1. Run B:SER73 past the list (1) hydroxyl-bearing (Ser, Thr, Tyr); (2) farther than 26 Å from B:GLY250 by Cα; (3) modelled with pLDDT under 90 and report the number of the one that doesn't hold.
2. Only one of (1) surrounded by fewer than 14 Cβ atoms within 10 Å (Cβ to Cβ); (2) in contact with a Gly (Cβ under 7 Å, 6 or more places away or on another chain) is not met by A:GLU212, so which one is it?
3. Name the single residue, out of those in segment B:242-256 being more than 13 Å from the chain's Cα centre (by Cα) and farther than 15 Å from B:ALA189 by Cα, that is nearest to the ligand (Cβ to nearest atom).
4. All but one of (1) more than 14 Å from chain A (Cβ to nearest Cβ); (2) surrounded by fewer than 24 Cβ atoms within 10 Å (Cβ to Cβ); (3) away from the ligand (no atom under 16 Å from the Cβ) hold for B:ASP128, so report the exception by its number.
5. Taking B:ALA194 as meeting all but one of (1) more than 14 Å from every other protein chain (Cβ to nearest Cβ); (2) away from the ligand (no atom under 16 Å from the Cβ); (3) small (Gly, Ala, Ser); (4) out of contact with any Asp or Glu (no Cβ under 7 Å at 6 or more places or on another chain), write down the number of the exception.
6. If you take the residues of segment A:229-247 that are surrounded by fewer than 16 Cβ atoms within 10 Å (Cβ to Cβ) and either in contact with a strand residue (DSSP E or B) (Cβ under 9 Å, 6 or more places away or on another chain) or at pLDDT 85 or above (or both), which of them is farthest from A:SER188 (Cα to Cα)?
7. Kindly check whether there is at least one residue in segment B:139-153 that is of a type in the set (Phe, Trp, Tyr), within 14 Å of another protein chain (Cβ to nearest Cβ) and in contact (Cβ under 8 Å) with a residue 24 or more places away in the chain.
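The values are calculated or read from the model by the stated rules, or taken from the named source; none is laboratory data. Here the structure is a predicted model, which is why all the values come from computation and not from measurement. Note: ideal-geometry Cβ built from the backbone for every residue, glycine included; neighbour counts use all protein chains shown.
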Amino acid sequence: MRRSSPEHSEGSDAEAQRAKIIGLGAGSARKSYYPQLQEKIRDLESKQLTLMDTVRTLEERESELELLVEEKNLLLKEVHHRVKNNFQIIGSLLNLGLGSISSELEAAAFSRTKRRIDTMGMVYGQLLQADRFADVDLCELVTQLVNALYYDAGKPSVELAFDMSCPDLFLDVDRAIPLALIVSEAASNSFDHGFPDGRGRLRVSLKEGAREESGTLYHLVELCDDGPGFDIGGLPPPGSSLGLMLIDLLASQLKALYAFDTPPGGKGTRFSLFFI
Amino acid sequence: MENPLTALRKFVAPEFIFGNGALAKCADYVRTFGASKLLVVSDEGLVRAGWTPKVEGLFKGAGIDFARFDGVSPNPRDGEVMDGADFYRKQGCDMIVAVGGGSPMDCAKGIGVVAANGGHVLDFEGVDNVPIPMPPLLCIPTTAGTAADVSQFAIILDSVRLNKIAIISKGVVPDISLIDPETSCTMDADLSAATGMDALTHAIEAYASNAASPITDLNALKAIEYLITYLPQALRSPYDTEARAGVMMGSLLAGLAFSNASLGLVHAMAHALGGLLDLPHGLCNALLLEHVIAFNYEAVPERYDRVASLLRGKPAETTQGPFHGASDAIAEALFKLRRSLGLGDRLEAAPVSAAQLDELARRALSDPCLLTNPRAASGADIVGIYAAILPRA
Ligand SMILES: [Fe+2]
């Protein structure tokens, strides 16, 4: 049996210590930064790999999302197209029906309905034209709409004047449609009653303003003709005219305020619509 | 003793430049290491002598950023090392330049070890106990003795136990040393004598070491020749640059020898003495040397014979056969040398008690330098040798 005495183990400890002093111990190499450097490099390399992986995943995700968005846009565009086409079809059907109506009164009601359908179709048409999917430029919409109604009215001696000082005012479709219908009713009103002798002037304006008390921004659409004006008592009650009824209903849907009054100067009719 | 020719040996030395004007290369070498900010470790004496400002001026001229740490005392303390390491981190340094003697260089090594590894400097006591290598270290030695500029040793004072600890690691060998003998001209006579005797002790102990090898022998013997020739001359004419260069060369060669063959009983005892009584290292060595040789002689007589012939100014090559009475001859030669250097024979210190003597011997026995002494020494042997140079209570 072998036993190591304390002296013996002390002796071999000393021997190991001596070997280290004269540079022959395990790992008593010269100073070298290389192992540390290697470790750092390996660490950095693995971090870089992880980062590149993350970047790749993100890039894949991004292109997937881009594809999805593109797909969604295409679908939306398609839907808008169909909606617009449907309005056109309805409009054409109404046109066809108009031919078989002999009553002037009924024919007028028919063409008013057709105008309202066209107005709605125009909103979608503008969406497609601007290559936007959710909202329309209000200045363009109002200008286009009033111009279209002007040509339909067939009163070339009436002068149109636009004062659109609200560029970049966009309204989503849900709000653009009632607004377009309101403008359509008010403009038709002027074309139908404002120019009995076929001449005069219609001023259309869109402005931005701030409320004095609260500073809240609001928008104002105004249609002002210089026709014979109206007698407040002579206006039919809102329930009896579909046009006025529509303005009333749609304005409350828009949380907007409206008014018919006589413009300064005392001549003509002014329609104002305030909305936020 | 093993056969030094066939025994497994290793030789480690830093890159060094020797000669007048070596110092002027410092900025160049710092650039080679790609350092962005230097810690210049020095002491007040060197700042006053103008060497530290001179080196710093060279860095400034080269547009190299640096911060100076000169809170180093002779026998550098653990607290000073820790302060220096703290300063190093706060200043955002990434390389160390030591300007000075053994104290700033050992302190710089301690700072480097702590800066790289964290923890306390005393944690790294022992051999091969420095896991992460220290930042690049450039040494500009200004004394001719300690050879810390080429050695794998750093000696730090544990200020609580008043004990000198040794950090021995290939990792504390400097990366580059610029050895410019002119810097040693400003040493006063006491310092010149003490550091010169330290160098001579390195050479003799490395030559007598049980780990000596042909390469360390070559360096050790040549070192003895240079030192015995030039040391007295440098003391007589301090601005004799050739004499200073001779001593510096002796110190360098002795350093290369002992850093690889290690030392012996003289240093084991001097470390204990310097720690407990805060005495100059070189002086302790100078006084202990002849007594330790007398004790060791019987273990390697032919080696000491060779030393004797060199000390007596006779080229080693002409010595034939055993040299009788070499131990006495060495004692005599060393006595003469000490006189020529203005050194006495005993320490002028407060009387030492028996308990202190025992403590000194206990510490010397556990010193790593004892492992390469050619003869095993007991506590009683060591007490006997201390008694020869210490005043007794
Ligand atoms: Fe020494």
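1. (2)
2. (2)
3. B:MET249
4. Status for B:ASP128: all satisfied but (1).
5. Condition (2) is where B:ALA194 drops out.
6. It comes out as A:ILE232.
7. yes
Here is a yes/no grid of residues against (1) crowded, with 24+ Cβ neighbours inside 10 Å; (2) within 16 Å of the ligand (Cβ to nearest atom); (3) more than 14 Å from chain A (Cβ to nearest Cβ):
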| site | (1), (2), (3) |
| --- | --- |
| B:ALA199 | yes, yes, yes |
| B:ILE204 | yes, yes, yes |
| B:PHE258 | yes, yes, no |
| B:LEU279 | no, yes, yes |
| B:ALA299 | no, no, yes |
